[in-house]
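Below: one structure, written as C-alpha cells.
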C-alpha cells in the first residue's frame, strides 16, 4: 500500500557495525594503576543470556582523570589509558573488559565506571554505574545513596577468584526482579 513503510526493529547490529577489534582492552603495559578485569553477563527478564548486546564503558584513569578534552584536568590524565571501551556479548551473554581500577574523580566520593547497554529491541540505551564492593566511599556517594538501599546491590561489582589480574563480576539484568538500576539522562 502506498504511504506505508515496513516495520523496523533495533539491532542486532552492534557486533558488525560498532565493534572493531579489541575495543574491550583499555590498557597498555605502561598504563598506571591497578590493572583489573571486569566481566559479567547481560541477562533478560527471565534470567536468560542476551547474546547480541553491546556494553560500553567510560571511566577515569587510576588518578581520577579523564583523557578527554572536556576534563579540566585532561593534561594530567594517563596518556596510556583509553578510558572508553566497547564489548559485545557472546552466546552466553558474557562480556569482558581489561581496564584499571579508576581513581576518585575530583569532587566525587568513590570510584565508579559509567556503563551503557545497547540491546535488540531497546530504542534507547540503558545507562548505569558500576561501583566496587568494599569501597569506604560507597557509603557517602550521592548517586549510589539516591538509590533505594534494597536496589543498591545491582550497582556493585564483586571480586571473583581468578588467575591473573584482580577480577570483578558485574551482571546486568535488563528487566525482572533483579533488574539493574538504570539512570534517566
Completion exercise
Across 5 Å bins beginning at 0, the whole-percent shares of Cα-Cα pair distances in the stretch 50-152 come to 2, 12, 19, 20, 19, 17, 9, 2, 0
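Can you compute the helix-only [θ] at 222 nm over the chain? Use -39500 (n - 2.57) per DSSP H run of at least 4 residues, normalise by all residues, nearest 500 deg cm²/dmol.
Values: 2 runs with 8 residues, N = 185.
Dividing the helical sum by the residues of the chain leaves -500 deg cm²/dmol.
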Problem - Euclidean distance between Cα centres, the stretch 114-173 to the stretch 36-104, Å - result: 11 Å
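So what is the relative contact order of the chain, in percent, for Cα pairs below 8 Å that sit 6 or more residues apart? The partial results should precede the final answer.
Numbers: 415 pairs, mean separation 48.4, N = 185.
It rounds to 26 percent for the chain.
Just subtract the alpha-carbon distance of residue 179 and residue 68 from 0.36 nm times their residue separation and send over the number in nm, one decimal. Walk me through the numbers on the way to the answer.
Details: separation 111, 0.36 × 111 = 39.96 nm, distance 3.12 nm.
My answer for the length gained is 36.8 nm.
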Handout entry: Peptides 159-169, 128-138 ordered by average Cβ neighbours within 10 Å, highest first
Key = 128-138, 159-169
Fill in the blank from the handout: Mean-square fluctuation maximum in Gaussian network of the chain, Cα pairs under 10 Å, restricted to 41, 59, 30, hits 30
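Please arrange 125, 173 by counting, for each residue, the other beta carbons lying within 10 Å of its beta carbon, fewest first. List each step's numbers first, then the result.
Numbers: 125 14, 173 18.
Ranking 125, 173 by Cβ neighbours within 10 Å, fewest first, gives 125, 173.
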Exercise for the section: Within 10 Å, count the other beta carbons around each residue, average over each peptide in 94-103, 63-72, and list them highest first. Expected result: 94-103, 63-72
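Taking neighbour counts of Cβ atoms within 10 Å as a proxy for exposure, in what order, fewest first, do 92, 78 appear?
Numbers: 92 11, 78 21.
Arranged by neighbour count, lowest to highest, 92, 78 become 92, 78.
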Practice task
Just need the relative contact order of the stretch 81-185 here, percent rounded to a whole number, with Cα pairs under 8 Å and 6+ apart.
Solution key: 19 percent
Exercise for the section: Identify which of the listed values of mean projected area of the Cα convex hull in nm² was calculated from the structure shown: (1) 13.4; (2) 10.4; (3) 17.4. Expected result: (1)
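Computed from the coordinates by the stated procedures, all read-outs in this text should not be read as laboratory data. Please read all numbers here as calculations on a predicted model, not as lab measurements. Quick reminder, even Gly has a Cβ in these numbers, built from the backbone with ideal geometry, and neighbours come from all protein chains shown.
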